[in-house]
Amino acid sequence: MSDTVISVEGLSKRYLVGHQAARGERYETLRETVTRGVRRFGRTALDMARGRQIIQGDTVEEFWALKDLSFEIKRGEVVGVIGRNGAGKSTLLKILSRITEPTKGRVTIRGRVASLLEVGTGFHPELTGRENIYLNGAILGMTRAEIKAKFDEIVDFAEVEKFLDTPVKRYSSGMYVRLAFAVAAHLEPEILVVDEVLSVGDAEFQRKCLGKMKDVSAGQGRTVLFVSHNMPSVQQLCTSGLMLSHGTALYRGSIDGTIAQYMSSLDQTSRQELRSRKDREGDGRLRVVDVSFHDERGNHVEAAICGQPLRVRIHYESRYDGQEMPVDVAFNLRSNNGILLTCFANIQTGAERLAVHRKGYFECLWPKVNLRSGSYMSTLFVGVEEQTADWLQNAFQIPVEEGNFFGTGRLVTRDHGDLVMDQVWTGAPT
Amino acid sequence: MTIESHEIVLEAGRAERNYWRDLWRYRELFQVLAGRDVAVRYKQTVIGIVWAVMRPFLTMLIFTIIFSRIAKLPSDGDAPYALMVLAGLLPWTFFSTALGDASLSLVTNSNLISKVYFPRLIIPTATIVVSFVDLLISFVILVAMMVWYRFAPTVNILALPLFVIMAFLTSLGPGLWITALNVKYRDFRYIIPFMLQFGLYVSPVGFSSTAVPEQWRLLYSLNPMVGVIDGFRWCILGGNSHIYWPSLTSTAVITVFFLWLGIRQFRKMEKTFADLI
Ligand SMILES: Nc1ncnc2c1ncn2[C@@H]1O[C@H](COP(=O)(O)OP(=O)(O)OP(=O)(O)O)[C@@H](O)[C@H]1O
Ligand SMILES: [Mg+2]
């Protein structure tokens with residue numbers, strides 16, 4: 001038997017996406033509306049008659065989420081799949097786990113695949129913890145006998161013995177997440193495919209899960225594909241890496257090499273851009289050269305996670321030498337369709353005087369990111385002593401990933417607008 | 001765990017060679033999902049069971065009043081009218097909840113479909129099982145009514161399981177077909193309740209199919225529920241009701257046709273569900 005468990009040859013995946021044609025800012029004539037309506041109706045009817053997919057919008061565009069991707073994975077490898085938002089990582093995993101079909105190319109898989117694209121898939125709030133363990137296990141591909149054999153271990157791992165026969169809707173959010181993780185951590189397929197699921201749940205429990213998965217792969221020669229934006233955990237867990245960019249493989253090799261490649265690609269795209277932009281206003285006493293994102297502890301991150309803290313650092317170079325002076329640093333956020341969502345500015349918070357160095361950064365701590373997944377464009381303004389020093393339209397984007405905003409263990413997805421709000425629900429008789 | 005080393009090749013448009021074997025391999029998931037749906041339905045036990053029993057009972061009362069008292073339609077033989085209505089209502093209620101719930105099942109389970117692989121056929125079928133449990137529960141009122149009317153069943157009752165299976169298959173075919181279409185053309189959601197409402201009045205639920213003029217009877221039997229309802233009546237009401245063979249045959253043919261159509265349509269569209277949903 002060959003040692004290659006997954007081989008991917010020329011894999012491509014096409015999605016069809018609809019666009020709304022750009023409308024005139026103010027109004028359009030009735031005639032235009034009618035013609036567009038008729039054209040759209042005609043296309044829908046035609047598609048329906050041919051049994052094709054119906055796409056909302058005025059024009060339909062093909063979008064290749066994966067393009068001519070080829071690579072091989074050997075038995076026992078733990079492969080970290082990394083790349084920026086929209087690079088096609090989740091699409092690749094969905095194809096490998098047979099959720100969706102490739103458009104072109106071919107994948108050969110030897111062995112049983114289990115995929116973990118979300119923790120607690122199929123959990124039902126009305127059912128008890130016990131029932132949900134069986135349900136979730138079966139959904140993830142375990143047999144009843146397997147679940148039964150591991151049942152006690154799962155319960156121990158999740159530390160929920162006392163609440164086994166309580167409906168999970170009565171669980172605290174922490175318990176819910178632990179139970180969901182516990183089932184997932186006890187999967188023992190030959191090939192395990194894991195998407196960003198570990199970004200929810202508390203750090204301690206994450207470590208426990210990663211440890212468990214690592215044991216599984218090291219001890220029993222299982223193969224793991226692991227997608228994450230969290231480089232430390234990728235580095236810790238993986239033995240080799242695959243970097244995707246716009247649907248193609250940019251790098252396949254050692255994990256350190258992959259991460260290095262990824263980091264340098266990030267630098268290239270963002271760092272030089274801001275520094276070298278010419279379309280800026282201001283007298284230049286202070287120039288923004290870079291914007292970077294960091295997590296609570298200050299580690300560099302690629303994207304914000306919904307529900308987590310984010311530090312936005314605005315790096316600059318200036319003519320000043322550590323003086324504390326009145327500065328006005330502001331950036332706003334626009335959604336994809338150009339709507340102004342909000343503005344962050346130091347003067348709103350009363351922090352009107354900040355120290356300005358030759359080289360330094362201003363940092364804005366956003367304690368709980370309440371944006372749904374997507375990318376948000378920002379315009380940046382810095383004023384020094386009431387004069388505009390640097391003003392950059394569309395200076396940077398904040399990519400935001402789905403996160404466990406409400407602490408329920410479920411990701412908040414982008415289906416319902418751009419913002420997520422903290423909220424408390426109760427019911428009462430009147 | 002048994003390590004079965006099998007090789008899978010994923011390619012565009014590759015017909016699943018082992019489709020049915022794969023389905024068999026996922027039978028446990030089917031059990032678990034059907035179990036979940038049933039458990040959730042009857043979790044608030046009182047409401048769930050009362051609802052399953054009350055709905056056909058109230059409809060039976062209303063239909064008996066409208067069709068027997070007001071429209072003065074005849075029953076089958078000397079069977080009490082209410083009993084005849086109930087014998088038709090049971091399979092019809094099953095058919096309509098099965099179809100209605102199945103058509104929404106993929107959309108309500110979109111989370112599963114976009115996150116895990118399994119033969120998608122499992123979802124609508126598991127939903128139909130729930131309606132099936134409702135049917136079994138509502139047999140309780142049938143028994144109660146028969147006791148009330150002191151109406152003894154004949155040996156015909158032994159054939160009832162056969163017609164129950166027939167009702168199941170008759171619902172499954174159109175159920176799968178509509179389920180598949182509903183993912184792509186979400187407007188079906190609004191059409192289905194209307195169709196079912198309409199179907200209730202064109203099917204022989206509130207009246208006996210003998211009330212249909214002889215020359216129209218064959219055409220009328222194109223509605224597959226006619227054969228199923230007649231069959232239920234024949235089993236339950238014994239000699240008072242007669243089997244009309246042409247309609248039974250047409251039900252069988254149409255059921256097989258819809259099963260073929262439903263499964264074909266479903267399999268054709270199944271691979272794109274995750275992209276569309
Ligand atoms: N069902 C779909 N229909 C249309 N486009 C889709 C669909 N699913 C994904 N895409 C597009 O395919 C591209 C790749 O998406 P994918 O989810 O694989 O990215 P990713 O690498 O996982 O990104 P992230 O890091 O944000 O999770 C994206 O541009 C996305 O918009
Ligand atoms: Mg993804």
Take the residues in the stretch A:390-430 that are open to solvent by less than 40 Å² (accessible area, probe 1.4 Å) and hydrophobic (A, V, I, L, M, F, W, C), then tell me which one is farthest from ligand 2 (Cβ to nearest atom). A:392
Among the candidates A:302, A:324, residue that is charged (D, E, K, R) and within 16 Å of ligand 1 (Cβ to nearest atom): A:302
Quick one: how many residues across the stretch A:113-149 are basic (Lys, Arg) and either within 10 Å of chain B (Cβ to nearest Cβ) or not in a helix (DSSP H, G or I) (or both)? 1
Verdict on residue B:243 being more than 14 Å from chain A (Cβ to nearest Cβ) and closer than 26 Å to residue B:138 by Cα: yes
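Just give me the residues in the stretch B:185-222 being among the charged types (D, E, K, R) and either under 17 Å from the mean Cα position of the chain (by Cα) or more than 14 Å from chain A (Cβ to nearest Cβ) (or both), in sequence order. Steps first, answer last, please.
Filtering the stretch B:185-222 for residues among the charged types (D, E, K, R) gives B:186-187, B:189, B:214, B:217.
Within the stretch B:185-222, B:189, B:214, B:217 meet the criteria.
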Just to be sure before I move on: is residue B:52 hydrophobic (A, V, I, L, M, F, W, C) and in contact with a Lys or Arg (Cβ under 9 Å, 6 or more places away or on another chain) in the structure I sent? yes
Mind listing just one residue for me: the one in the stretch B:140-184 that is buried (at least 16 other Cβ atoms within 10 Å of the Cβ) and of a type in the set (Phe, Trp, Tyr) and, of those, nearest to residue B:93 (Cα to Cα)? B:168
All but one of (1) touching a residue at least 40 places away in the same chain (Cβ under 8 Å); (2) within 14 Å of chain B (Cβ to nearest Cβ); (3) over 20 Å from residue A:237 (Cβ atoms); (4) not β-branched (Val, Ile, Thr) hold for residue A:171; which doesn't? (2)
Can you name every residue in the stretch A:235-255 that is more than 16 Å from residue A:6 (Cα to Cα), among the aliphatic types (A, V, I, L, M) and within 13 Å of ligand 1 (Cβ to nearest atom)? A:243, A:244, A:250
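So which of B:75, B:68 is outside any loop (DSSP other than H, G, I, E, B), open to solvent by less than 40 Å² (accessible area, probe 1.4 Å) and of a type in the set (S, T, N, Q)?
Going through B:75, B:68 in turn, just one is outside any loop (DSSP other than H, G, I, E, B), open to solvent by less than 40 Å² (accessible area, probe 1.4 Å) and of a type in the set (S, T, N, Q): B:68.
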Residue under evaluation residue B:35, criteria (1) at pLDDT 80 or above; (2) buried (at least 20 other Cβ atoms within 10 Å of the Cβ); (3) not hydroxyl-bearing (Ser, Thr, Tyr), criterion not met: (2)
Suppose we filter the stretch A:123-146 for residues that are closer than 15 Å to residue A:410 by Cβ and surrounded by fewer than 21 Cβ atoms within 10 Å (Cβ to Cβ); how many remain? 2
Does residue A:163 satisfy the criteria of being open to solvent by less than 30 Å² (accessible area, probe 1.4 Å) and modelled with pLDDT of 85 or more? no
Mind listing whichever residues of the stretch A:95-107 are part of a helix (DSSP H, G or I) and either within 7 Å of chain B (Cβ to nearest Cβ) or surrounded by fewer than 20 Cβ atoms within 10 Å (Cβ to Cβ) (or both)? A:95
If residue A:193 meets every condition in (1) within 16 Å of ligand 2 (Cβ to nearest atom); (2) under 19 Å from residue B:31 (Cα atoms) apart from one, which number is that one? (2)
Quickly run through the stretch A:65-93 and pick out the residues that are within 9 Å of ligand 1 (Cβ to nearest atom) and open to solvent by 70 Å² or more (accessible area, probe 1.4 Å). A:84, A:85
Which listed residue, of A:400, A:384, is within 16 Å of ligand 1 (Cβ to nearest atom) and in contact with a Leu (Cβ under 6 Å, 6 or more places away or on another chain): A:400
Filtering the stretch B:110-128 down to residues that are at the interface with chain A (Cβ under 8 Å from one of its Cβ atoms) and open to solvent by 10 Å² or more (accessible area, probe 1.4 Å) yields B:111, B:114, B:115, B:117
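The values are calculated or read from the model by the stated rules, or taken from the named source; none is laboratory data. The model shown is predicted, which means the values in this text are computed figures rather than measured ones. Cβ sites come from the backbone with ideal geometry, for glycine too, and all protein chains shown count toward neighbours. Accessible surface areas use protein heavy atoms only, side chains included; no ligands, DNA or RNA. Shrake-Rupley method; radii C 1.70, N 1.55, O 1.52, S 1.80 Å.
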